[in-house]
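Notes follow once the structure below has been shown.
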Amino acid sequence: MSSNEFLSLGISAPVLKAVQNLGYEQPSPIQAQSIPILLSGKNLLGTAQTGTGKTAAFALPLLSNIDEKQKTPQILVLTPTRELAIQVAEAFQSYAKHIKGFHVLPIYGGADIGGQLRSLKRGAQVVVGTPGRMLDHLKRKSLNLSQVKSLVLDEADEMLRMGFIDDVEAILSKTPDESQRALFSATMPAAIKRVADKYLGDAQQVRIQNKTQTVERIKQQYITVKAHQKMDALTRVLEVEKFDGMIIFVRTKSSTVDISDRLQARGFSSAALNGDLSQAIRERTISKLKRGQVDVVVATDVAARGLDVERISHVINFDIPYDNESYVHRIGRTGRAGREGNAILFITPKETRLLRSIEKTTKSTIAPLTMPSNAQVSDQRIQQFTEQLSKTLETPRLDKFREMIVKYVEENDLDMADVAAALTYENQKERPLFPKLDNIVAPRQDNSSRDRDRGRGRDNDNKNRDSKRRDRKDRDNFSKDSPSRAARPKSERVIRDEDGNEVPMLTYRLEVGKNDSVEPSNIVGAIANEADISSQYIGQIILHDEYSTVDLPDGMPDDVFKTLKKARVRSKALNISIENAGGNSAPSSRSPRPKKGPKKSKPSSKDGSSKRKSTRTDGSAPLKKKKKTYTKKDKQK
Ligand code: AMP
């Protein structure tokens, strides 16, 4: 058990030590399959999505083979967004904690290029970045790829969708032919397969096989919550749900202890269960759970394997499992001996894909659970309080207290109800009956799994498609009362989202055009990054010589409109305005007529996928695939 499994996979000693420090108990399925392949130097084609542990799947083996002395980049990771670049760089840093002289450098658009130039000069064994900025560095000759031993394309399908595939290929062609290559992608569209065929040769394929498994008698629900709000959400669920015994699944050994401690501090009777604990302690904890001396056990997969306790009424997946089989196994800890069981899954917005995948393999629907509100928590606490009060009222030893209070009330001419209220107030201070818990706003799920980059800042070098991908604007936030709706034509274009909902579109005019060497991907990048609008909702783009038009969802809020006015492409402000009547693409009266008639721009990649926005005529094709993903700008970040 425990990180011995990592050892047997062949991970180097310093990397193994870091994994142990992090509390990883066992490799996830994608790690177990990928690590030996990458350690052996072979190419790898992995179908894996966020949440499966794919970062460690490539970082651990590549770091195990690193040459600390070589300061020019030897591992190159390409990511679609700046936030993923940062996440991956941070992961490398934590896994390389015990490698002396190790440096990892994230490089992405939107960040000061001077700092990156200096850091590149100082040297880094690992460079993680977005394609546009990497190309910039290549052009400036500040990035030397001649010594690259391994190259990873992370979330390749996202890079394709964001129009980066040409840049990716340009970078690939600059890496040594003999370098090892790994490509991870949640899906394998034809364009990605083509890249894999061309650059990965006879790569070993890795994917998690999901056998269909049924889960009966278990009510399954999920809550979407941001990672840092999980503990609050858990506390609320525990307060409101009526449970007998509960297992909470987490990923690391350290989390079992941490969460159990925190639950105890909140008044729950809980215990940790992980592979580091001796067999005797583990058995004792389970027997306590059976006897009701402990109600909540916080466990890792390994420690809870085969656990069979009838009174477990609830399983909470605090951290999403790596694969669907593990999900089925986890929730199978409830609904024992013919009883009803409940399973609640916490997912962060970027894990939505895993949720859908679980639903598919289990052939079941996992219903959304609304975050318990302050009022619900309050009701529950009041109920518990009054129940306790009723019990206490039956206590035979209250006489002395009654006499004391009656005397006090009479002497001070008080109302008995006021006194009872004051006592209640004193009594509930530690656990308020009317709590003002922090408002947890459920984040919008991101079905495109692309809400990672919440960065800010203008990308002055016209590579802003690389940067500033934030939470997307919530379509529902596109209000009907938006001032920008005033005196504007009624929208005629309509697209359908994944749920079949009609999304009315409006045509906007942008003051950049072919004369500015603008490409559709620049426009998509600027709008997606600056306005947080998912590229799925960016409709038809038509490039004219001096301006362009783009279809966007109707009802754009004023602040977004203002942001887009100032947004720049090829150093020119978009100066967005609503195109004239009917949502058609004809130039407005203010604007010069195009010298040539409106032309559909050409896709630049061979299969056209990278520039698909420009090839549509009805604005509907790419929007059908994905659900809306606008969410509010993440103001907390
Ligand atoms: P990823 O799919 O790479 O985004 O990883 C998802 C999360 O799982 C990250 O927070 C990792 O730190 C965590 N993780 C990855 N591998 C393991 C493991 N073997 N045990 C526990 N946690 C892990």
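The values are calculated or read from the model by the stated rules, or taken from the named source; none is laboratory data. On a predicted model such as this, the values are computed, not experimentally measured, just so you know. Note that each Cβ is placed from the backbone with ideal geometry, even for glycine, and that neighbours are counted across all protein chains shown. In case anyone asks, the SASA skips ligands and DNA or RNA and just uses the protein heavy atoms, side chains included. Shrake-Rupley method; radii C 1.70, N 1.55, O 1.52, S 1.80 Å.
None of D166, D154 is touching a Leu at 6+ places or on another chain (Cβ under 7 Å), touching a residue at least 24 places away in the same chain (Cβ under 8 Å) and under 30 Å from I538 (Cβ atoms) except D154. For the range 90-103, does any single residue satisfy the condition of being of a type in the set (F, W, Y) and away from the ligand (no atom under 16 Å from the Cβ)? There is at least one residue in the range 90-103 that is of a type in the set (F, W, Y) and away from the ligand (no atom under 16 Å from the Cβ).
All conditions but one from (1) at pLDDT 95 or above; (2) surrounded by fewer than 20 Cβ atoms within 10 Å (Cβ to Cβ); (3) β-branched (V, I, T) apply to I37; the one that does not is (2). Among the residues of the range 551-577, the one identified as β-branched (V, I, T) and surrounded by fewer than 23 Cβ atoms within 10 Å (Cβ to Cβ) is T563.
Of the candidates E83, E25, the single residue that is within 14 Å of the ligand (Cβ to nearest atom), touching a residue at least 60 places away in the same chain (Cβ under 8 Å), open to solvent by less than 20 Å² (accessible area, probe 1.4 Å) and of a type in the set (D, E) is E25.
Within the range 33-48, is even one residue of a type in the set (D, E, K, R) and more than 27 Å from D177 (Cα to Cα)? No.
Taken over the range 213-234, the criterion of being touching a helix residue (DSSP H, G or I) at 6+ places or on another chain (Cβ under 8 Å) and either open to solvent by 20 Å² or more (accessible area, probe 1.4 Å) or more than 16 Å from the ligand (Cβ to nearest atom) (or both) is satisfied by Q213, T214, V215, R217, I218, Q220, Y222, I223, T224, K226, L234.
Looking only at the range 235-254, filter to residues that are within 15 Å of the ligand (Cβ to nearest atom), open to solvent by less than 30 Å² (accessible area, probe 1.4 Å) and not hydrophobic (A, V, I, L, M, F, W, C); which one of those is farthest from M371 (Cα to Cα)? Result: K253. Residues being closer than 21 Å to Q49 by Cβ, open to solvent by less than 70 Å² (accessible area, probe 1.4 Å) and free of Cβ contacts under 8 Å to residues at least 12 places away in the same chain are entirely absent from the range 373-386. Taking the criterion of being within 14 Å of the chain's Cα centre (by Cα) and open to solvent by 10 Å² or more (accessible area, probe 1.4 Å), the only residue of the range 311-321 that qualifies is D319. With the structure loaded, tell me whether L183 is within 16 Å of the ligand (Cβ to nearest atom) and free of Cβ contacts under 8 Å to residues at least 60 places away in the same chain or whether it fails that test. Considered against the rule, which asks whether it is within 16 Å of the ligand (Cβ to nearest atom) and free of Cβ contacts under 8 Å to residues at least 60 places away in the same chain, L183 comes out as no. Being within 12 Å of the ligand (Cβ to nearest atom), farther than 20 Å from L7 by Cβ and either open to solvent by less than 10 Å² (accessible area, probe 1.4 Å) or among the basic types (K, R) (or both) is not true of K69. If only residues of the range 48-65 that are open to solvent by 20 Å² or more (accessible area, probe 1.4 Å) and away from the ligand (no atom under 13 Å from the Cβ) are counted, the one that is farthest from the chain's Cα centre (by Cα) is N65. Scanning the range 296-303 turns up no residue that is away from the ligand (no atom under 16 Å from the Cβ), within 27 Å of the chain's Cα centre (by Cα), under 23 Å from N274 (Cβ atoms) and open to solvent by 10 Å² or more (accessible area, probe 1.4 Å).
For the range 231-258, filtering for residues that are in a helix (DSSP H, G or I) and within 21 Å of the chain's Cα centre (by Cα) leaves 5. Residues that are outside any helix (DSSP H, G or I), among the hydroxyl-bearing types (S, T, Y) and surrounded by 11 or more Cβ atoms within 10 Å (Cβ to Cβ) within the range 339-372 comprise T348, S364, listed in sequence order. Look at the range 62-74: where a residue is over 21 Å from S40 (Cβ atoms) and a partner is among the aliphatic types (A, V, I, L, M) and not in a loop (DSSP other than H, G, I, E, B), sitting 6+ places away or on another chain with Cβ atoms under 6 Å, you get P73/V127.
For the condition closer than 20 Å to D232 by Cβ and either open to solvent by 30 Å² or more (accessible area, probe 1.4 Å) or modelled with pLDDT of 95 or more (or both), Q293 does not qualify.
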